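> The following block contains the structure, expressed as structure tokens.
The values are calculated or read from the model by the stated rules, or taken from the named source; none is laboratory data. Note that the structure is a prediction, hence the values are computed from the model and not measured. Positions of Cβ are backbone-derived with ideal geometry, glycine not excepted, and every protein chain shown enters the neighbour counts.
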Amino acid sequence: MKRGPASLTALMLLGACTVGPTYVRPDIAVPPSYGARTGDTAPSGDLARWWTGFHDPLLDSLVARALAGNLDIQRAASRVAQARAQQGGVQHAGDPQVNASGQGGHTRLSENALPPGLVNLGQGGGPGLGIPGEGFTTFQLGFDASWEIDLFGGRRRASEAASARTDAAIWSQRDAEVLLVAEVANTYQQYCALQRRVAMLDTRIALGRELLGFVKARADNGLTTSLDERGQQRVIEELSAQRETLAADAAARVHALGILLGLAPTALESELSAVQPQAPVAMEIPAGLPSELLQRRPDVRAAERRLAAATADIGVATADLYPKFSLTGALQLSSRALSNLLSTGSIMANGAGRLSVPLLGQGGKRATVQLREAQAKEALLTYQATVLNALKDVEDALTRLDADRRRTGFLRASVAAAEDAADTVGVRYRNGLVTYLEVLQARDTLLSARDALLQAEAATAQDMVALYKALGGGWDERRAPPEEGTPNAN
């Protein structure tokens, strides 16, 4: 008994040992700035609600409804709940186990089946001696407990892994929000652009029919051949076919938005059909540093947390190679009468400690350690690849936006030139210097230039959406998990 405190102290010191590698977030080198753009070092605008920069109330409403009703977001939330439940199970797996039991029974000894005299009933916790033909009642109340001491930290590593996987599930949910918001905004911008193009084609078709009537009149008067008439008819048919294609594409975008909101494909038809699509508002390109992506992009954070979990799994597998120590004990009260069941004379107790030391047959466990190390290496490579792909996404979006800016400038100049030409032809027509045919042709050229500018503006809006998506915009930092390494995260 004198050695008890010393033995307990040694046991506690052993319990403080945790095998396996201690996780440290890898330091991945990133460039000091983006190659496609130089500018401020701090992000501009609200990345969490970047879509509000389009100043479109309907888009704001669609995003809000999508975040509330999208099925992918709900599945991601379900995976978070599952991860938290698994984490709770792992964290309590090493708790001491205590069970209570109670029992009461009555026994009558046979007069004919047993020889006369006393019968030994002491086996199995019985009451001792009994006389044939008599009956007796017994009562038992007991507790038993067991506890396997986490000597080498296997359960602590398992808890670390479970906590990291919960964080990864939460970051994956954030990533689903980023992807959803970008998809809703992009699909909505595509729908608006298609609607504007359909309206533009309606104007061009109407102008083409007016031009066809003029050409036909000239042909009837022998001023031109029927080839011109057939050629103009072909132009109208081509524009009409293009319009049908664009209208079908616009309807498909409506269906896609319905699914993104967790609704039937046609649920938004009436709401969106009443929209008068306007040209997208030019948004400021947000600045920032590449290093901020490591904190902002949810997919990067999720990959880093999976790496932390894979590293902790190595410790779990390593702990299986070391000895295990467990304590068991039982306390039982047994009596033939309830009146003295709780007295000290009814106490039956036992306790034991068990040490299990692995000697042979460790090859499978060592192979498991090697497997976990290989999985951690794969997780590290996945994390590094995720970071590089995030940098690429931003660089690509910035490059496209820079090209969009220059292309839009050229097309605006083209529209201005076409407008000037159309005005000049109109003046010349009023002065009798040109025919009405030239006026119609100038108007068609102007409409074609405006259609090209419309497509460029739509591409710019979509590339802006891609940039905010690449920057990881669309989730609220106030709902982020606590910093890694905090106890019982999430």
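> Identify, by number, the condition in (1) more than 23 Å from ARG296 (Cβ to Cβ); (2) exposed (fewer than 14 other Cβ atoms within 10 Å of the Cβ); (3) not aliphatic (A, V, I, L, M) that LYS392 doesn't meet.
Of the numbered conditions (1) more than 23 Å from ARG296 (Cβ to Cβ); (2) exposed (fewer than 14 other Cβ atoms within 10 Å of the Cβ); (3) not aliphatic (A, V, I, L, M), the odd one out for LYS392 is (1).
> Taking the range 406-418 as the search range and keeping residues that are among the basic types (Lys, Arg) and surrounded by 14 or more Cβ atoms within 10 Å (Cβ to Cβ), which one is farthest from the chain's Cα centre (by Cα)?
Once the filter is applied, the top-ranked residue is ARG412.
> Let me ask something else about it. Where the second residue is among the charged types (D, E, K, R) and the first is closer than 20 Å to GLU457 by Cα and lies in the range 263-278, which pairs have Cβ atoms under 9 Å and are six or more apart or on separate chains?
So the pair list comes out as PRO277/ARG196; GLN278/ASP56; GLN278/ARG196.
> It is to be established whether one or more residues within the range 136-156 are of a type in the set (S, T, N, Q), assigned to a strand (DSSP E or B), under 30 Å from PRO21 (Cα atoms) and at pLDDT below 90.
yes
> Could you tell me whether any residue of the range 187-202 is acidic (Asp, Glu) and touching a residue at least 60 places away in the same chain (Cβ under 8 Å)?
Checking the range 187-202: not a single residue is acidic (Asp, Glu) and touching a residue at least 60 places away in the same chain (Cβ under 8 Å).
> Test VAL357 against the criterion of being within 34 Å of the chain's Cα centre (by Cα) and either of a type in the set (A, V, I, L, M) or surrounded by fewer than 11 Cβ atoms within 10 Å (Cβ to Cβ) (or both), and give yes or no.
So VAL357 does not fit the description; no.
> Any chance the range 319-333 includes a residue that's of a type in the set (Ser, Thr, Tyr) and within 30 Å of GLN441 (Cα to Cα)?
no
> Of everything in the range 280-302, what is among the small types (Gly, Ala, Ser) and within 27 Å of TYR188 (Cβ to Cβ)? Give them in sequence order.
If the condition is that a residue be among the small types (Gly, Ala, Ser) and within 27 Å of TYR188 (Cβ to Cβ), then ALA282, ALA287, GLY288, ALA302 are the ones that fit.
> How many residues does the range 345-385 hold that are modelled with pLDDT of 95 or more and hydroxyl-bearing (Ser, Thr, Tyr)?
2
> Of these, ALA66, ALA77, ALA83, ALA100, which one is at pLDDT 95 or above and hydrophobic (A, V, I, L, M, F, W, C)?
ALA66
> Still on this structure: So if I check each of GLU183, GLU210, which one is surrounded by fewer than 17 Cβ atoms within 10 Å (Cβ to Cβ) and among the charged types (D, E, K, R)?
Sole residue among the options that is surrounded by fewer than 17 Cβ atoms within 10 Å (Cβ to Cβ) and among the charged types (D, E, K, R): GLU210.
> Do any helices (runs of 4 or more DSSP H) entirely within the range 217-309 hold 2 or more residues that are within 28 Å of the chain's Cα centre (by Cα) and not β-branched (Val, Ile, Thr), and if so, which?
In the range 217-309, the matching helices (runs of 4 or more DSSP H) lie at 226-260, 293-296.
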